[in-house]
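A.B. asks: Below is the structure I would like to discuss, written out as structure tokens.
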Amino acid sequence: MIIIDPAATLYLNHVPKCGGTTVVDLFCRAFPAAAVQDRFSLQGAQTLLPSDLAKKRLMAAHLPEWVMRRRLQPDQKIGLARSPWSRFKSIVQHYLRDIEAGAPPLHTRAFFDALSRGDRDAAFDTISDWYRHDSLAAFYAADAISAYEDMDALAQSAIERIETYDLIVCCEDIDTLFPVLCRLTNQPEMDAPRLNDAREFGDASCEIFGTDLEARFKDVVAYDYRVFAALKARAEMTAQDLRTALERRPSYRRTIASRAFNKLDVAVEANEPMAAVGWDRPVIATGGRHAGRYGLRLNGDKALIDFGVPTGQRLFVEIIAWIGGGLAALEGIRLSINDQPVTFENCVVEDVHDRCSMVLIIEHAPIVDGFCRLEFTRPDTPSPGAGDLWVFSVRARATAGEQTAWTALPRSAAARR
């Protein structure tokens, strides 16, 4: 039974187009940033020095099982899966996105050349030549594709290796499983952020995905459907085991509430696991008034930050944030503390070049049983560079007094804090 331990080593088989970015981002928060290796090439994985590998606790890049077996000895393994047809459509949509961006994938050129000619038969005849390298079988087999005489042998090896995984997460089940994964990693429970589905590039490409082509695809990659069936069965079993084990653990809320503080800066230490979900991993600001601070960027439609406070105390909270798009962007942002809405009417705001920097002071924030949750939401994810929300610090301390008020500090006072 898998229980995440930051001192253990974890391998996450990040199979492309299986909801991996959503899952990987969540697991990365359960480990110190310096112990995570999640962005490097296949060649980089095979050339990484043993001394560097020894420092890592989470490996979550696009590394097939056979690469992991050569380089790592993980304590636990998590795998990702998705129905082959749904996954194939996502692959094609993302490749079409790459083509529009001027970076066509070379190994699928014949496929897209045939599509551009309107020759769908020729396009899908090429699938057997290149899809196998991106197949589920290729990511779970014990050895590289070159070690197998045919795809049936590759698939059989993958099916055998699947039984060695502690947890399998199917993309189709992410919405229901994501809160469980949050509990597994000792993080706030929330709904899964929106998946990276390339929806802005998907409408026109959907014309090529007819039922006749799905039948042909299923025939061409029948081996991958067998692998997916094994993954699905393993996913159902491991998910049930996980839920049963988590029922015996203290609730996340109780765990966080037990970590009371007198002063907190959530984003100060990028090397510490954070009780935050729905944010990009911390980055350090290199310029402007926030230079040197670690920032969290909202990467979906909702994000949470949780922390504990002394039971029975009122709270004084200071939030320093940056919002792209200027003051108008504030209209789409909602903030609440323990489900109580907070307005931005009295915050200190500096609106320069369509960018809004603000300091929001909340006095006597509502506290329930030593637990405090900040929740940021927006109705729709903005286009890149417009309406981005960054939080650079959240400081809080217990305060005396009975009066409830929402107060803004003068800018000079905010600068001294």
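A.B. asks: Figure the gain on full extension for residue 176 and residue 33 (residue separation times 0.36 nm, minus the Cα-Cα span) and round it to one decimal in nm. Intermediate values should be presented prior to the final figure.
C.D. replies: Details: separation 143, 0.36 × 143 = 51.48 nm, distance 2.72 nm.
This chain segment gains 48.8 nm when fully extended.
A.B. asks: Then there's this: Quote to one decimal, in nm, the extra length available between residue 377 and residue 222 on full extension: 0.36 nm per residue of separation minus the C-alpha distance between them.
C.D. replies: Result for the pair: 51.6 nm of gain on full extension.
A.B. asks: Less than 15 Å Cβ to Cβ from residue 72, Lys/Arg counted +1 and Asp/Glu -1: what total charge do the surrounding residues give?
C.D. replies: Every neighbour counted, the sum reads +3.
A.B. asks: How many nm is it between the label spots at residue 145 and residue 120, if each spot is 7 Å from the Cα in line with the beta carbon?
C.D. replies: In this crude label model, residue 145 to residue 120 measures out at 2.5 nm.
A.B. asks: A follow-up question, please. Under a 5 Å amide H to amide H cut-off, with H placed in plane at 1.01 Å, what residues pair with residue 165 once short-range neighbours are removed?
C.D. replies: The list, which skips near neighbours in sequence, is empty: none.
A.B. asks: FRET efficiency for residue 160 and residue 291, Cβ-Cβ distance as r, R0 = 51 Å, nearest 0.05?
C.D. replies: 0.45
A.B. asks: Give me the net charge of residue 126's neighbourhood, meaning all other residues with Cβ under 15 Å from the Cβ of residue 126; Lys, Arg count +1, Asp, Glu -1.
C.D. replies: With Lys, Arg at +1 and Asp, Glu at -1, the neighbours total -2.
A.B. asks: Which entries of 17/302; 77/232; 232/302; 17/55 have Cα-Cα distances beyond 19 Å here?
C.D. replies: Details: 17/302 22 Å; 77/232 16 Å; 232/302 29 Å; 17/55 28 Å.
Those over the limit are 17/302; 232/302; 17/55.
A.B. asks: Another one. Could you work out how much longer the chain between residue 251 and residue 130 gets when fully extended? Use 0.36 nm per residue separation minus the Cα distance between them, nm to one decimal.
C.D. replies: Between residue 251 and residue 130, full extension yields 38.9 nm more.
A.B. asks: Need one value: the accessible area of residue 294 in square angstrom, 1.4 angstrom probe, rounded to the nearest 10.
C.D. replies: 70 Å²
The values are calculated or read from the model by the stated rules, or taken from the named source; none is laboratory data. In this text the structure is predicted, and so the values were computed from the model without any measurement. No Cβ is skipped: glycine too gets one built from the backbone with ideal geometry, and neighbour counts run over all protein chains shown. Note: areas computed on protein heavy atoms with side chains; ligands, DNA, RNA excluded. Shrake-Rupley method; radii C 1.70, N 1.55, O 1.52, S 1.80 Å.
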